[in-house]
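The values are calculated or read from the model by the stated rules, or taken from the named source; none is laboratory data. Since this is a predicted model, take the numbers as computed values, not measurements. Cβ placement follows ideal geometry from the backbone for every residue including glycine, while neighbour counts extend to all protein chains displayed.
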Amino acid sequence: MSLPEHRPPLYLDSHATTLLDPRVREAMWPWLLVPCNASSNSHRYGWRAAEGVERARQQVARLLNCEPHELLFTSGATEANNLALKGILQAPRAKGWGLVTSQVEHRAILDPARRLARRGTEVAFVPVTPRGAIDLDRFRDSLTSHTRLVSLILANNEVGTINPIAEAGAICRERGIWLHCDASQAVGKIPLDLRQLPVDLLSLSAHKLHGPQGVGALYVRRSEPRLPLEPLFDGGGQEQRLRPGTLPVPLIVGLGAACAVCREDQPEETTRLAQLRDRLWQGLAQRLEGIHRNGDSQQSLPGNLNVSFEGVPGERLLAAMTEIAVSSGSACSSATPEPSHVLRAMGVPERLALASLRFGLSRFNTGEEIDFATAYVSETVRQLRAHPAGTG
Ligand SMILES: Cc1ncc(COP(=O)(O)O)c(C=O)c1O
């Protein structure tokens with residue numbers, strides 16, 4: 001079989017980061033050429049910068065259907081998540097308040113949650129169904145009279161599963177519990193309407209939606225009484241004193257432009273990506289025996305496909321995929337790969353969790369690329385199965 005030439009490797013890892021959209025680059029460019037501190041209120045450079053920031057805030061707000069003043073710009077989703085969790089639960093008045101989150105969160109939630117637990121917050125990690133969504137009955141049972149905040153990933157970054165946020169939010173509302181969502185993978189990929197969704201705080205990241213790295217936002221619902229959020233650090237009055245520091249105007253403009261592009265392209269793009277994802281899965285399933293799709297084939301991000309390959313040594317799977325950039329369901333930071341905590345929480349056996357690949361498709365991928373990836377992955381898996389380690 002001859003495979004088309006693809007150099008450099010075909011990028012199919014868009015859950016990790018996405019390519020900067022040329023339209024976003026164009027919007028950012030002029031701001032890199034002028035001094036722009038949005039807090040400088042004594043001259044035109046500063047006024048223009050402030051206008052640029054507020055325009056971007058409106059663009060983000062339009063995509064999410066919220067008010068611009070409900071958004072705080074941050075350095076990304078990690079910071080937004082930390083601000084949501086610690087900003088509420090570390091405050092002196094939060095003594096005795098508990099947190100409920102899930103077993104399949106990104107580390108940008110798990111790590112702050114564990115730190116809060118070490119400092120005395122009662123934290124529970126709810127289990128998930130084999131499809132990777134929270135189990136609503138077990139979720140309900142995990143809420144106690146101490147629970148004041150719940151944090152749930154909106155769409156999973158490994159398996160793409162979309163959580164039943166409307167239902168979870170309704171349960172939280174009934175009990176006066178605030179709901180935070182890490183929506184880093186969902187914003188710009190699926191429609192989100194914060195006037196409808198019962199969510200109080202929501203994190204997003206520009207580089208997951210073809211915007212620049214180093215900027216994101218935390219949505220904080222304007223409610224009465226106000227959410228008791230405190231800043232993580234002090235130093236200035238920016239962002240309603242909740243996120244002080246000079247605003248990175250070119251990056252914020254980029255985030256706004258990325259949201260505007262998503263808003264325009266989203267309906268068709270969601271359908272196109274889901275078709276490409278289905279084409280990839282069907283192509284692999286036709287060519288290979290013993291493969292398993294991880295996640296939920298219905299409630300899922302359109303650009304996500306996570307597949308386990310039977311009979312393939314996990315540690316060799318990713319190493320063999322030199323022509324495509326994908327990620328594996330294992331953390332390889334140590335000598336022995338660790339299976340993904342998400343797949344394990346879903347009950348995927350360790351051997352299959354280790355032998356899995358995550359494909360992340362984006363607006364820049366074409367049908368031809370997907371056909372290449374299908375043929376390339378099938379052929380590579382066949383070879384790995386035919387030549388187990390040590391047989392040459
Ligand atoms: C679900 C989720 N949350 C948080 C993050 C961290 O985002 P950022 O790189 O903006 O800090 C990521 C990115 O890997 C993610 O996928």
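Just give me the residues in segment 192-249 being within 18 Å of Cys181 (Cβ to Cβ), within 16 Å of the ligand (Cβ to nearest atom) and part of a loop (DSSP other than H, G, I, E, B), in sequence order.
Leu192, Val199, Leu209
All but one of (1) under 20 Å from the mean Cα position of the chain (by Cα); (2) crowded, with 20+ Cβ neighbours inside 10 Å hold for Gly87, so report the exception by its number.
(1)
What pairs come up if the first residue lies in segment 369-383 and is of a type in the set (Asp, Glu), the second is modelled with pLDDT of 95 or more, and their beta carbons are under 6 Å apart, counting only those six or more places apart or on different chains?
What qualifies is Glu369/Leu10.
Does Ile88 satisfy the condition of being touching a His at 6+ places or on another chain (Cβ under 9 Å) and within 11 Å of the ligand (Cβ to nearest atom)?
Values: touching a His at 6+ places or on another chain (Cβ under 9 Å): yes; within 11 Å of the ligand (Cβ to nearest atom): no.
No, not satisfied.
Considering each of Phe139, Phe73, Phe125 in turn, give the residue that is within 16 Å of the ligand (Cβ to nearest atom) and over 28 Å from Gly214 (Cα atoms). Please lay out each step first, then the result.
Details: Phe139 fails: within 16 Å of the ligand (Cβ to nearest atom); Phe73 fails: over 28 Å from Gly214 (Cα atoms).
The unique qualifying residue is Phe125.
Got a number for residues in segment 266-309 being assigned to a loop (DSSP other than H, G, I, E, B) and touching a residue at least 60 places away in the same chain (Cβ under 8 Å)? Explain how you work it out, then say what you get.
So in segment 266-309, the residues assigned to a loop (DSSP other than H, G, I, E, B) come out as 288-290, 295-299, 301-303.
Imposing the further condition that a residue be touching a residue at least 60 places away in the same chain (Cβ under 8 Å) reduces the set to 288, 295-296, 299, 301-303.
Going through segment 266-309 one residue at a time, the tally reaches 7.
Here is a check on your reading of the model: is Gly216 free of Cβ contacts under 8 Å to residues at least 12 places away in the same chain and small (Gly, Ala, Ser)?
On the way: free of Cβ contacts under 8 Å to residues at least 12 places away in the same chain: no; small (Gly, Ala, Ser): yes.
Considered against the rule, which asks whether it is free of Cβ contacts under 8 Å to residues at least 12 places away in the same chain and small (Gly, Ala, Ser), Gly216 comes out as no.
Out of curiosity, is Thr78 assigned to a loop (DSSP other than H, G, I, E, B) and either surrounded by fewer than 22 Cβ atoms within 10 Å (Cβ to Cβ) or touching a Pro at 6+ places or on another chain (Cβ under 9 Å) (or both)?
Numbers: assigned to a loop (DSSP other than H, G, I, E, B): no; either surrounded by fewer than 22 Cβ atoms within 10 Å (Cβ to Cβ) or touching a Pro at 6+ places or on another chain (Cβ under 9 Å) (or both): yes.
So Thr78 fails the test.
What do you reckon, is Ala124 assigned to a helix (DSSP H, G or I) and among the small types (Gly, Ala, Ser)?
On the way: assigned to a helix (DSSP H, G or I): no; among the small types (Gly, Ala, Ser): yes.
In short, no.
Results for (1) under 20 Å from Ala217 (Cβ atoms); (2) of a type in the set (S, T, N, Q); (3) in contact (Cβ under 8 Å) with a residue 12 or more places away in the chain; (4) not assigned by TED's automatic domain parsing to the domain that holds Arg115, shown as yes or no for each residue.
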| position | (1), (2), (3), (4) |
| --- | --- |
| His15 | yes, no, yes, yes |
| Leu33 | no, no, no, no |
| Ser40 | no, yes, no, no |
| Glu51 | yes, no, no, no |
| Glu54 | yes, no, yes, no |
| Gln58 | yes, yes, yes, no |
| Ala77 | yes, no, yes, no |
| Asn82 | yes, yes, yes, no |
| Leu85 | yes, no, yes, no |
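Just for segment 221-267: of the residues that are touching a strand residue (DSSP E or B) at 6+ places or on another chain (Cβ under 8 Å) and of a type in the set (A, V, I, L, M, F, W, C), which one is nearest to Leu72 (Cα to Cα)?
Filtering first and then ranking leaves Leu242.
Report whether or not Glu310 is of a type in the set (Asp, Glu), modelled with pLDDT of 95 or more and surrounded by fewer than 16 Cβ atoms within 10 Å (Cβ to Cβ).
Yes: the conditions hold for Glu310.
Being out of contact with any strand residue (DSSP E or B) (no Cβ under 9 Å at 6 or more places or on another chain) and closer than 30 Å to Glu369 by Cα narrows it down to one of Gln282, Gln213, Gln196, so name that one. Give the derivation first.
Numbers: Gln213 fails: out of contact with any strand residue (DSSP E or B) (no Cβ under 9 Å at 6 or more places or on another chain); Gln196 fails: closer than 30 Å to Glu369 by Cα.
When all the criteria are applied, what remains is Gln282.
Would it be correct to say that Leu116 is more than 14 Å from the ligand (Cβ to nearest atom), without any contact (Cβ under 8 Å) to a residue 60 or more places away in the chain and closer than 22 Å to Tyr219 by Cβ?
Values: more than 14 Å from the ligand (Cβ to nearest atom): yes; without any contact (Cβ under 8 Å) to a residue 60 or more places away in the chain: yes; closer than 22 Å to Tyr219 by Cβ: yes.
When the stated conditions are applied, Leu116 passes them.
For the subset of segment 139-184 comprising residues that are in a loop (DSSP other than H, G, I, E, B) and among the hydroxyl-bearing types (Ser, Thr, Tyr), which member is surrounded by the fewest Cβ atoms within 10 Å (Cβ to Cβ)?
If we filter segment 139-184 for residues that are in a loop (DSSP other than H, G, I, E, B), which is where we start, we get 143-146, 154, 156-160, 163-164, 175-177, 183-184.
Cutting the leftovers down to among the hydroxyl-bearing types (Ser, Thr, Tyr) gives us 144-145, 184.
Values: Thr144: 11, Ser145: 8, Ser184: 28.
Selected residue: Ser145.
For the structure I just gave you, tell me whether Arg263 is part of a helix (DSSP H, G or I), away from the ligand (no atom under 16 Å from the Cβ) and surrounded by fewer than 18 Cβ atoms within 10 Å (Cβ to Cβ).
On the way: part of a helix (DSSP H, G or I): yes; away from the ligand (no atom under 16 Å from the Cβ): yes; surrounded by fewer than 18 Cβ atoms within 10 Å (Cβ to Cβ): yes.
It is true that Arg263 is part of a helix (DSSP H, G or I), away from the ligand (no atom under 16 Å from the Cβ) and surrounded by fewer than 18 Cβ atoms within 10 Å (Cβ to Cβ).
Looking at segment 363-386, can you tell me whether even one residue there is at pLDDT below 90 and of a type in the set (D, E, K, R)? Reasoning before the result, please.
Step one: list which residues in segment 363-386 are at pLDDT below 90, which gives none.
Among the residues of segment 363-386, not one is at pLDDT below 90 and of a type in the set (D, E, K, R), which makes the answer no.
Could you list all residues from segment 91-111 that are touching a strand residue (DSSP E or B) at 6+ places or on another chain (Cβ under 9 Å), within 11 Å of the ligand (Cβ to nearest atom) and not hydrophobic (A, V, I, L, M, F, W, C)? Even if it seems obvious, please write down each step before you answer.
The initial filter retains those residues of segment 91-111 that are touching a strand residue (DSSP E or B) at 6+ places or on another chain (Cβ under 9 Å), namely 94, 96-106, 108-110.
Adding the requirement that they be within 11 Å of the ligand (Cβ to nearest atom) leaves 104-106, 108-110.
Within segment 91-111, Glu105, His106 meet the criteria.
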